[in-house]
1. Which is among the acidic types (Asp, Glu), modelled with pLDDT of 95 or more, part of a helix (DSSP H, G or I) and closer than 22 Å to Glu71 by Cβ, of Glu120, Glu99?
2. Which residue is surrounded by the fewest Cβ atoms within 10 Å (Cβ to Cβ), if the candidates are limited to the range 153-183 and must be of a type in the set (A, V, I, L, M, F, W, C) and either assigned to a loop (DSSP other than H, G, I, E, B) or in contact (Cβ under 8 Å) with a residue 40 or more places away in the chain (or both)?
3. Applying the selection to the range 1-33, what residues are under 20 Å from Ala75 (Cβ atoms) and either in contact with a Gly (Cβ under 8 Å, 6 or more places away or on another chain) or of a type in the set (Gly, Ala, Ser) (or both)?
4. Name the residues in the range 41-65 that are within 16 Å of the chain's Cα centre (by Cα) and hydroxyl-bearing (Ser, Thr, Tyr), would you?
5. Which residues, counting only those in the range 69-102, are in contact with a Phe, Trp or Tyr (Cβ under 7 Å, 6 or more places away or on another chain) and free of Cβ contacts under 8 Å to residues at least 24 places away in the same chain?
6. For the range 190-201: of the residues being assigned to a loop (DSSP other than H, G, I, E, B) and free of Cβ contacts under 8 Å to residues at least 12 places away in the same chain, which is surrounded by the most Cβ atoms within 10 Å (Cβ to Cβ)?
7. Just the residues that are closer than 18 Å to Gly190 by Cα, more than 18 Å from the chain's Cα centre (by Cα) and of a type in the set (Gly, Ala, Ser), please, taken from the range 152-166.
8. Go through the range 111-127 and give me each residue that's closer than 28 Å to Arg47 by Cβ and open to solvent by less than 30 Å² (accessible area, probe 1.4 Å).
Amino acid sequence: MRQELLSLPKGLAEDVSRNLVMVARLIDEDPETAYAYSRIALRLASRVAAVREAAGFAAYANQKFSEALAEFRAARRMTGGVELWPVMADCERGMGRPEKALEMAGAPEVQKLDKASQVEMRLVAAGARRDMDQLDAAIVTLQSPELASNSVQPWTARLRYAYADALLAAGREGEAREWFAKTVESDKDGSTDASDRLAEMDGVEFVDALVEDDEPVSATVTEATPEIHAQDEDDDDEDEDEIGSETKDAITDDVDDLDDEESDEDEDDEDDAPHRPQS
């Protein structure tokens with residue numbers, strides 16, 4: 001990406017870079033705001049492949065699959081690479097075209113993918129099979145050397161989880177439990193809810209510490225002032241909600257201000273790059 005940005009004037013490159021950093025920083029926790037930053041970067045440098053790719057992922061995170069697919073295709077035309085092939089296929093799924101996703105899963109481009117991307121393509125293909133109510137085919141699609149391996153790789157937890165979930169959907173509960181347990185073993189960062197799924201299968205129930213009338217439940221471990229603790233937590237949650245809302249509003253206002261500034265600069269035919277929104 002850095003090399004691509006070097007093709008831009010210094011001031012413009014810095015502006016684009018800042019917006020791309022905000023996209024990466026916010027895409028998981030606040031995809032809507034990340035999308036707004038991506039649109040700014042896109043207006044500034046639409047001929048940069050990294051910008052088109054970032055815009056695609058921001059649209060994808062907001063389930064704007066048609067728009068995401070268009071951006072991914074543009075980025076691929078610019079670079080000639082195949083690394084976006086799996087997510088492009090998943091966009092086809094999101095647009096209600098699982099048959100097209102399966103067609104892409106069998107294309108020659110898949111053989112050019114690295115191992116991680118090939119596993120991702122397998123997950124997309126299995127999802128497409130499930131979209132078409134082909135559970136048995138989805139299970140077979142996930143069966144692979146990567147699934148059977150005892151080595152834990154970045155993709156291991158997600159692959160095992162998808163397999164366990166497909167087994168459970170097919171009514172194979174014993175096998176599903178085994179694979180949810182294997183998922184928990186490999187999911188060190190908690191990227192899946194496999195532990196919750198496993199507990200649910202084992203009949204473990206999680207209950208709130210308080211019932212509706214604010215009386216402590218007899219099964220709770222601590223009984224000291226439960227009402228006070230609950231009230232403190234509610235107050236903290238309200239404060240966090242207010243802060244989060246104010247921050248998001250501030251960013252949105254800054255984005256709108258930047259749009260106004262860009263419009264003014266276009267009218268004056270100035271060449272200076274517009275400022276990024278303030279986080």
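The values are calculated or read from the model by the stated rules, or taken from the named source; none is laboratory data. Just so you know, these numbers come straight off a predicted model, no measurement behind them. Ideal geometry is used to build each Cβ from the backbone, glycine not excepted, and the neighbour counts take in all protein chains shown. Note: accessible area is taken over every heavy atom of the protein model, side chains too, but ligands, DNA and RNA are not part of it. Shrake-Rupley method; radii C 1.70, N 1.55, O 1.52, S 1.80 Å.
1. Glu120 is the lone residue from the list that is among the acidic types (Asp, Glu), modelled with pLDDT of 95 or more, part of a helix (DSSP H, G or I) and closer than 22 Å to Glu71 by Cβ.
2. Step one: list which residues in the range 153-183 are of a type in the set (A, V, I, L, M, F, W, C), which gives 155, 157, 159, 162, 164, 166-170, 176, 179-181.
Keeping just the survivors that are either assigned to a loop (DSSP other than H, G, I, E, B) or in contact (Cβ under 8 Å) with a residue 40 or more places away in the chain (or both) gives 155, 159, 166, 170.
Values: Trp155: 19, Leu159: 23, Ala166: 25, Ala170: 15.
Applying the filter and picking the extreme gives Ala170.
3. Within the range 1-33, Ser7, Ala13, Ser17, Ala24 meet the criteria.
4. Tyr60 - this is the single residue of the range 41-65 that is within 16 Å of the chain's Cα centre (by Cα) and hydroxyl-bearing (Ser, Thr, Tyr).
5. Initial filter on the range 69-102 (in contact with a Phe, Trp or Tyr (Cβ under 7 Å, 6 or more places away or on another chain)): 84, 87-88, 91, 94-95.
Met88 - this is the single residue of the range 69-102 that is in contact with a Phe, Trp or Tyr (Cβ under 7 Å, 6 or more places away or on another chain) and free of Cβ contacts under 8 Å to residues at least 24 places away in the same chain.
6. Filtering the range 190-201 down to residues assigned to a loop (DSSP other than H, G, I, E, B) leaves 190-193.
With the extra rule that they be free of Cβ contacts under 8 Å to residues at least 12 places away in the same chain, the set shrinks to 190, 193.
Details: Gly190: 10, Asp193: 14.
Within the range 190-201, the match that is surrounded by the most Cβ atoms within 10 Å (Cβ to Cβ) is Asp193.
7. Initial filter on the range 152-166 (closer than 18 Å to Gly190 by Cα): 152-165.
Restricting the remaining residues to those that are more than 18 Å from the chain's Cα centre (by Cα) gives 152-153, 160, 163-165.
Answer for the range 152-166, where residues must be closer than 18 Å to Gly190 by Cα, more than 18 Å from the chain's Cα centre (by Cα) and of a type in the set (Gly, Ala, Ser): just Ala164.
8. Step one: filter the range 111-127 for residues closer than 28 Å to Arg47 by Cβ, giving 112-114, 117, 120.
Across the range 111-127, the qualifying residues are Leu113, Ser117.
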